[in-house]
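K.L.:
Sharing a structure with you now.
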Amino acid sequence: MISKNIFLNKVYLMKRFLTRLQLKLFIKIIPMLLLPTIGISQINLTEYPVYKSEDLGVTYSSEQTMFKVWAPKASAVKLRLYKNGQDGEAMNTIDMTKVQQGVWQINVYKDIKNIFYTFQVQQDGKWLSESPDIYAKAVGVNGKRGMVVNLAETNPDNWKNDTKPALKNFTDIIIYESHVRDISISNNSGIKNKGKFLGLTEIGTKNPEGLSTGLDHLKELGITHLHLLPSFDFNSIDESKPELNMYNWGYDPLNYNVPEGSYSTNPYDGNVRIKEFKQLIQTLHSNGIRVILDVVYNHTSNLTTPFNQFAPGYFYRQNPNGTYSNATGCGNETASERPMMRKFMIESVAYWAREYHIDGFRFDLMGVHDIETMNELSDTLHSIDPTIFIYGEGWSAGDCPLAEDLRAVKKNAAKLVKIAVFSDDIRDGIRGTYDKLTEKGFVSGSKEKTESIKFGIVASTLHAQIKYQDVNYSKQPWAAEPYQTINYASCHDDNTLFDRLKISNPDASETELIKMDKLSQAIVLTSQGVPFIHSGAEMLRTKYGIANSYTSPDSINEIDWNRKTKYNELFNYYKSLITFRKNHPAFRMPTTSMIQEHLKFINTEDPTVIAYQLVNHANGDVWKNILVILNGAGTDKTIAIPAGNWQLVVDGKIINENGINHFTSKLTIPATTAFVLYSVK
C-alpha cells in the first residue's frame, strides 16, 4: 500500500509538471486505483455546530490573550506556549475549556507578546499533531508554531494614512502578474533585498545599462495593479535554510493569514514578515499601484495541515465512497459550501483587506468553490472597500462531487457578483490551444480563431455580431458585464508568450515573433474588459520552453533585466499601448449595453483580418469614431474602410496620438500588425 503522504506529495508535484491534458488523465485514472486506500468516514454536517462570532484564533492585549479554536469533536484540547518558534520544550501546557458551538477557549492573564504557541487536539482517543490554529496571524520559522503579536506594532510609519490609488471603474484596471522572487532576484536587477518583500520597496534601482528595474519599472510601464503570486505562508520552502535558494510559486498553502517567511529578512520573528509585507503595500500605493493577492483556498498542501488537526475531514470534500475528492489535482479539495469553511474564507480575505490594505484577490482554481460562498465573500469585501477587485480561474483541474451548476466556473460567471473570470477563449484564440503546443493562433495566421478574438474584444458579453457557435470554447456569452472578463495572452503557469509563439512557429525569425507578440498585446490592451500582462512579457521573457516552472531554479524563473535593454523597443511599445488605453475610455467601456451601442464590427471577408469601430464618443472618448484593424496573416492585407478622413495613430511600430499617416476609403495593413485610427473632422 502506498503511503498517504508520499502519494499526496507526488500528486502535487505531478500537477505542476504535467501538461493540463496529461493532468486530466492522471486525475481520472490514478485516484480510482489509489484513493480508496486513504478513505475517511463520510461527514455528517448535523454533527458539526456552526460558530458565528468572528473571534476565533488569538486575540492579544497586554492584560490578557484569548485563545479560541473550533474543534467540535475533540474530547480535550491543550495549549502549549514556547519561547521560540522552532524547537525547545513547552514553557507551559494549559488545558482549554469547551464553551459553545464546538469552540474551546482559554485566556492567559498576563502579557505574552512574542511568545509562540501550538494547540493539540485529542479526538477518538488519539492526540493529533501540534499545530497553530487555522486563523493564525503570525508564526515562527516554517510556520509550525503560531506567535502572539501586537499587530499595531507591525505597522510601518504613517500606516494609518496609507492611501489607495484612485479607481473609478474595474475596466480601468491593468493587471501585471509577478512573483516576489522573480522580479528582484537576478544579479542584474540592481535591487539589494533580492527575493524579498522589501525588494519591491526600493526606489531608483537600475540594470547595468541604467534602465529602471523593480518598482520603478512598474511605474514606468504604467500598470495599475500588481498581482503577486502567493505571498501567504506556504509549505514547500525551508525558511531556515535560505542558502539552498529553494524556489516555489507558493500554491501549497500552510498558514493562510500569514505572509511567507522566505520573503522576509527574518523568518524567525513573526513580526518582521508582517511589517515588511505592509511596507511593500504602502510603498506600492504611494507610487500609484494597487496590490492583488493570489489566494489558494481550494486545497491545502497536504492533509496534515492545521485544518485536519482541529476537525479531521470536515474542511474537505469527500467522494461517495468516503475518499478525499481531488478536483484540484493536489490530492484534496476544500469544501467551501460547508459553513465553517465558508466562514474561514470570508474572514480570511476580510482580514487581508483590513489589516494589510489589500486591493484585490485572485482565486486559484476558483471553479472548485461554490457560487454562494464567492458571492458572500464578494459582498463582505465590497462592504469594506467597493474598489476591491476579485477574479479567478473559472475551472477546476478534475471532476468535483459538487454539481457544476453550483460552482464558480466560467460559464456561471453571470451568477457571480462583482467577480471576474480569466478568458481562456481569447488567450487560446490569440496564440493557440493550451494543450496543442504546435497549434497556431490568430496572430500566427490561423483562420479558425477569428470569432474567439471577437468574443474577447466584446469581453465575453452578449453582442449581436458574434457567431458564438464558432468561438473555441464558449458557445454563448458568459460575462454579464465587461469587467467580469480577464483578457490575457499568457500567465505564470504556462509557457511565456514568446516561448509559446516560438514553439508554434519554429521557422519564424525573431523579428516575426516580435510582431506576433506585439499583435497579441495590442489585442489584449484594446479589447473591452480587464487586461492582464504576465511579468516580463514586455521584454520578451523566456523560460526556455519550461511551462510549469513552479520548482525550477532562478535561472529559469527570474526576470532577466538585461532583456529590457535588448528589447527596449518592445518595452516602449507595451508602455505606449498602456498609456494609449488609459488615454481613451472607448477601450474601457464599463457596461455591456454601452459595448452593444458603440462597438460595431466591419465585415472584412477575410478570417485573418478583424476590423471594428468604436462609434459616437464611446464612453465619453474625445475621439468620435475609432477604427481598430487586426491583421493576423503573415502577408499584407488591403481592406476597405468606412469613408472619411482617418488618422493612423497605432501602426505596430509606434504609437503617436498626433498622427502617423492619413487614409480615406482603403488601406493596406502590414502582415501581423494592429492598426488603430480615428476619424478627423
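The values are calculated or read from the model by the stated rules, or taken from the named source; none is laboratory data. Please read all numbers here as calculations on a predicted model, not as lab measurements. All Cβ positions, glycine included, derive from the backbone under ideal geometry; neighbour counts span all protein chains shown. Just the protein is used for accessible areas: all its heavy atoms, side chains included, with ligands, DNA and RNA removed. Shrake-Rupley method; radii C 1.70, N 1.55, O 1.52, S 1.80 Å.
K.L.:
What's the carbon and sulfur percent of region 159-267's accessible surface, probe 1.4 angstrom, rounded to a whole number?
P.N.:
Numbers: 1700 of 3520 Å².
Result for region 159-267: 48 percent of the exposed heavy-atom area is carbon or sulfur.
K.L.:
Using the Karplus curve 6.51 cos²θ - 1.76 cosθ + 1.60 with θ = phi - 60°, work out ³J(HN,Hα) for each residue of region 640-647 in order, rounded to whole Hz, and write x for Gly and Pro.
P.N.:
Couplings: 7, 10, x, 4, x, 9, 10, 9 Hz.
K.L.:
OK, next. In debye to the nearest 20, how big a dipole does region 495-562 give about its Cα centre with +1 on each Lys and Arg Cβ and -1 on each Asp and Glu Cβ? It would help to have the intermediate numbers written out before the result.
P.N.:
Details: 6 positive and 9 negative charges, 43 e Å.
That gives region 495-562 a dipole magnitude of about 200 debye.
K.L.:
Assuming R0 = 51 Å, can you tell me the calculated FRET efficiency for the pair Asp385 and Ala640, based on Cβ-Cβ distance, to the nearest 0.05? Mind showing how you got there, number by number?
P.N.:
Details: r = 48 Å, r/R0 = 0.95.
After rounding, the FRET efficiency stands at 0.60.
K.L.:
Follow-up question, since we're still on this one. Could you work out how far helix 270-286 tilts from the main Cα principal axis of the chain, as a 0 to 90 degree angle to the nearest 10?
P.N.:
20
K.L.:
A follow-up question, please. To one decimal place, what orientation-averaged projected area in nm² is obtained for the convex hull of the Cα set of the chain? Walk me through the numbers on the way to the answer.
P.N.:
Numbers: hull surface 116.6 nm².
For the chain, averaging the hull's shadow over all directions gives 29.1 nm².
K.L.:
If you restrict to DSSP beta bridges whose two residues both lie in the chain, what percentage is antiparallel, to the nearest 5?
P.N.:
Working: 64 of 89 bridges.
For the chain, the DSSP antiparallel bridge percentage is about 70.
K.L.:
Leaving ligands, DNA and RNA out of it, report the carbon-plus-sulfur percent of the accessible area of region 528-671 at a 1.4 Å probe.
P.N.:
Carbon-and-sulfur percentage of accessible area, whole number: 48.
K.L.:
Let's see if you can work this out: charge +1 on each Lys and Arg Cβ, -1 on each Asp and Glu Cβ, no other charges. What is the dipole magnitude of region 78-228 about its Cα centre, in debye to the nearest 20? Present the calculation step by step, with values, prior to reporting the outcome.
P.N.:
Details: 19 positive and 17 negative charges, 71 e Å.
Approximately 340 debye in magnitude.
K.L.:
Sticking with this structure for a sec: If Lys564, Lys410, Lys582, Lys164 are ordered by their accessible area, calculated over protein heavy atoms with a 1.4 Å probe, which sequence runs from highest to lowest? Each step should come with its number before you reach the end.
P.N.:
Numbers: Lys564 0, Lys410 25, Lys582 90, Lys164 55 Å².
From most exposed to least exposed: Lys582, Lys164, Lys410, Lys564.
K.L.:
Continuing with the same structure: What whole-number value in Å² describes the accessible area per residue of region 611-668 for a 1.4 Å probe? Show your work: numbers first, answer last.
P.N.:
Values: 2580 Å² over 58 residues.
Per residue, region 611-668 has 44 Å² of solvent-accessible surface.
K.L.:
Could you give P(r) for region 396-516, binned at 5 Å from zero, as whole percent values over all Cα-Cα pairs?
P.N.:
Per 5 Å bin, starting at zero, the Cα-Cα P(r) for region 396-516 comes out as 2, 12, 20, 20, 18, 14, 9, 4, 1, 0 percent.
K.L.:
Follow-up. For Ile503 and Glu372 in the same chain, what is the full-extension length gain: residue separation times 0.36 nm, less their Cα-Cα distance, in nm?
P.N.:
That pair, Ile503 and Glu372, stretches by 43.1 nm at full extension.
K.L.:
Quick check on the chain: helices-only [θ] at 222 nm, where DSSP H runs of length 4 and up contribute -39,500 (n - 2.57) each and the sum goes over total residues. Nearest 500, please. Working shown, then result.
P.N.:
Working: 15 runs with 163 residues, N = 681.
So the helix-based figure for the chain works out to -7000 deg cm²/dmol.
K.L.:
How many percent of the accessible area of region 373-508 is carbon or sulfur, using a 1.4 Å probe? Walk me through the numbers before you get to the answer.
P.N.:
Working: 2300 of 4540 Å².
Solvent-exposed carbon and sulfur of region 373-508 make up 51 percent of the total.
K.L.:
Return the long-range amide H neighbours of Ile533 (sequence gap of 5 or more, or a different chain), with a cut-off of under 5 Å between placed amide H atoms.
P.N.:
Residues meeting the amide H criterion: Ile175, Tyr176, Glu177.
K.L.:
Hey, can you grab everything whose amide H is under 5 Å from the amide H of Tyr316? Only 5+ residues off in sequence or another chain; H modelled, so Pro and N-termini drop out.
P.N.:
Those lying under 5 Å, H to H, from Tyr316 are Ala335.
K.L.:
Of Tyr550, Phe580, Ile610, whose Cα points farthest to the positive end of the dipole of region 509-615 (charges on the beta-carbon: +1 Lys, Arg; -1 Asp, Glu; origin at the Cα centre)?
P.N.:
Value computed over the given set: Phe580.
K.L.:
Output wanted: per-residue J couplings in Hz (rounded whole) for region 293-309, from phi through Karplus 6.51 cos²θ - 1.76 cosθ + 1.60, θ = phi - 60°, x for Gly and Pro.
P.N.:
9, 7, 10, 9, 8, 7, 7, 10, 4, 7, 9, 10, 6, x, 3, 8, 8
K.L.:
Now for a separate question. Loop only by DSSP, 14 or fewer other Cβ within 10 Å of the Cβ. Give me the chymotrypsin sites (Phe, Trp or Tyr not before Pro) in region 513-614 that pass, ordered by residue number. Let's see the in-between values first.
P.N.:
On the way: sites: Phe532, Tyr544, Tyr550, Trp561, Tyr567, Phe571, Tyr573, Tyr574, Phe580, Phe587, Phe601, Tyr612; in loops: Tyr544, Tyr550, Trp561, Tyr567.
Sites meeting the loop and neighbour criteria: Tyr544.
K.L.:
Okay, next question. Mind giving me the nanometre distance, one decimal, between the label points for Lys666 and Leu244, set 7 Å out from Cα along Cα→Cβ?
P.N.:
In this crude spin-label approximation the distance works out to 6.8 nm.
K.L.:
Here is a further query. Residue-wise, which Karplus ³J(HN,Hα) couplings in Hz belong to region 212-228, taking 6.51 cos²θ - 1.76 cosθ + 1.60, θ = phi - 60°, and x for glycine or proline?
P.N.:
Computed from phi, the couplings for region 212-228 are 5, 10, x, 4, 4, 5, 4, 5, 4, 5, x, 5, 9, 10, 9, 8, 9 Hz.
K.L.:
What lysines could a cross-link reach from Lys110, if we take a straight Cα to Cα line under 29 Å and drop same-chain neighbours fewer than 8 places away?
P.N.:
Result set, ordered by chain and number: Lys52, Lys68, Lys78, Lys83, Lys98, Lys137, Lys144, Lys160, Lys275, Lys278.
K.L.:
Just the Kirkwood number for region 35-168, please: inverse of mean 1/r across all distinct Cα pairs, in Å, one decimal. Kindly include the intermediate steps, with their values, before the conclusion.
P.N.:
Values: mean 1/r = 0.0594 Å⁻¹.
Result for region 35-168 stands at 16.8 Å.
K.L.:
Place a +1 charge on the Cβ of each Lys and Arg in the chain and a -1 charge on the Cβ of each Asp and Glu, then give the dipole magnitude about the Cα centre in debye, rounded to the nearest 20.
P.N.:
Working: 73 positive and 73 negative charges, 74 e Å.
Using Cβ point charges on Lys, Arg, Asp and Glu, the chain gives about 360 debye.
K.L.:
Near the amide H of Phe389, under 5 Å away, which other amide H atoms are found, from residues 5 or more places off or on another chain, if H is placed in the peptide plane?
P.N.:
HN-HN under 5 Å from Phe389: Gly360, Phe361.
K.L.:
Further question on the same structure: Give me the aspartates and glutamates in straight-line cross-link reach of Lys515: C-alpha distance below 18 Å, same-chain residues under 8 apart excluded.
P.N.:
Filter leaves Asp428, Glu439, Asp499, Asp507, Glu538, Glu569, Asp636, Asp651.
K.L.:
Per residue, how large is the accessible surface of region 255-322? Use a 1.4 angstrom probe and give square angstrom.
P.N.:
On the way: 1350 Å² over 68 residues.
Averaged over the residues of region 255-322, the accessible area is 20 Å².
K.L.:
Here's something else I'd like to know. Would you please calculate the Kirkwood hydrodynamic radius of region 131-207 over all C-alpha pairs and express it in Å, rounded to one decimal?
P.N.:
Details: mean 1/r = 0.0618 Å⁻¹.
Result for region 131-207 stands at 16.2 Å.
K.L.:
Would you report the distance distribution of C-alpha pairs in region 570-654 as whole percents per 10 angstrom bin, up to the bin with the largest distance?
P.N.:
With 10 Å bins starting at 0, P(r) equals 15, 43, 37, 4.
K.L.:
Where does region 455-539 land on the Kirkwood hydrodynamic radius, alpha-carbon pairs, in angstrom?
P.N.:
Values: mean 1/r = 0.0712 Å⁻¹.
Final number for the Kirkwood radius of region 455-539 is 14.0 Å.
K.L.:
Give me the accessible area per residue for region 469-606, probe 1.4 Å, as a whole number in Å². Write out the running numbers ahead of the final one.
P.N.:
Details: 4460 Å² over 138 residues.
Roughly 32 Å² per residue, with all protein chains present.
K.L.:
Which GluC sites (Glu not before Pro) does region 169-246 hold that lie in a coil by DSSP with at most 12 other beta carbons within 10 Å?
P.N.:
Numbers: sites: Glu177, Glu202, Glu209, Glu220, Glu239, Glu243; in loops: Glu202, Glu209, Glu239.
Answer by residue number: Glu209.
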